Structure formats: structure tokens, C-alpha cells
1. Restricting to DSSP H runs of at least four residues, report the calculated mean residue ellipticity at 222 nm for the chain, -39500 (n - 2.57) per run over all residues, nearest 500 deg cm²/dmol.
2. How many Lys pairs in segment 1-119 lie less than 29 angstrom apart by Cα atoms, where the lysines are 8 or more positions apart or on different chains?
3. Please give the helix 2-48 orientation as an angle from the longest Cα principal axis of the chain, in degrees from 0 to 90, rounded to the nearest 10.
4. Suppose a student asked you for the relative contact order of segment 1-119, using Cα pairs under 8 Å spaced at least 6 residues apart; what percent would you report?
5. Round to the nearest 10 and give me the degree value, 0 to 90, for the angle of helix 103-119's Cα axis relative to the longest principal axis of the chain.
6. Tell me the trypsin sites (Lys or Arg not before Pro) within segment 38-82 that lie in a loop according to DSSP and have at most 10 other beta-carbon atoms within 10 Å.
7. Kirkwood-based Rg over Rh for segment 1-97 (C-alpha set), two decimals?
8. Report the net charge of residues surrounding K98, where surrounding means a beta-carbon distance below 14 angstrom and charges are Lys +1, Arg +1, Asp -1, Glu -1.
Amino acid sequence: LERQLLMQNQMRERQTAMQIAWTREFLKYFGTFFGLAAVGLSVGAIRRKNPGILLPIVPLSFIFAYQYDMGYGTLLQRIKGEAENILDTQSSLLELPKGPLTYEDLEKIRRSQSKFFIEK
């Protein structure tokens, strides 16, 4: 059981590392897009003397800030803290509908499925 717990923890850590790495890689591409879009929209706004052209920079900057915070900032630490808070103070939100799954429930499901497949 201890080996299984260690293996599950290793898998969780690897998945988290992959998520962070993916976010950092995505940030490189999105950052380039954001920079080019900001320059292009700024030039367009100056040439046409229309500051409304700059409006797409607002949502793009929020996306960029979120991705940066996820890849290099403290977003994951804040998420972890909030998750711990939920576990400590609002554990009723985590309850499964109809309660936890029991062995009897699994057997009922298994029997009903096996009857279904046998009858075909």
C-alpha cells in the first residue's frame, strides 16, 4: 500500500510538472502573439487616430497575465492554499451525490450490467 501511495504521489507530481511546463511553453507562443498584436494594434490606432482599436489588448492582457502567473508566478500556491481551506472549512462541498460508493453499490451495478449483456 505504501508503494502504491508513493507511486500515485510521483504520478501526481509528474502531471503537475507537465502542466507547468506546458503553460510555460504556451506562454512563449502567446507572449509573442500578444506582443505582435499590441504593436500592430497600437500602430493601427495611431495611424487611424482611433483609440478604440486598442480594445482587444484588454482581454489579451488578462489572458497573458493569467498564463504568466500560472507558469512563473504564485497561482499554483494560491490554488493549493484555497484547496486546503476548502478541505478544512467547507468539506461538505466535497461529498458525492448519494454518498460514497460502497461495495454493495458496485455489486448491484455489476449484476445489472452482466444481466444486460447476457440477455443480448
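1. Calculated mean residue ellipticity at 222 nm is -28000 deg cm²/dmol.
2. Lysine pairs meeting both conditions in segment 1-119 amount to 4.
3. For 2-48 against the chain, the angle is about 20 degrees.
4. Taking the mean separation of contacting Cα pairs over the length of segment 1-119, I get 23 percent.
5. 90
6. K49
7. With Rg and the Kirkwood Rh in hand, the quotient comes to 1.21.
8. -2
The values are calculated or read from the model by the stated rules, or taken from the named source; none is laboratory data. Quick caveat, the model's predicted, so the values are computed rather than measured. Methodologically, a virtual Cβ is constructed for each residue, glycine included, from the backbone with ideal geometry; neighbour enumeration extends over all protein chains shown. Accessible surface areas use protein heavy atoms only, side chains included; no ligands, DNA or RNA. Shrake-Rupley method; radii C 1.70, N 1.55, O 1.52, S 1.80 Å.
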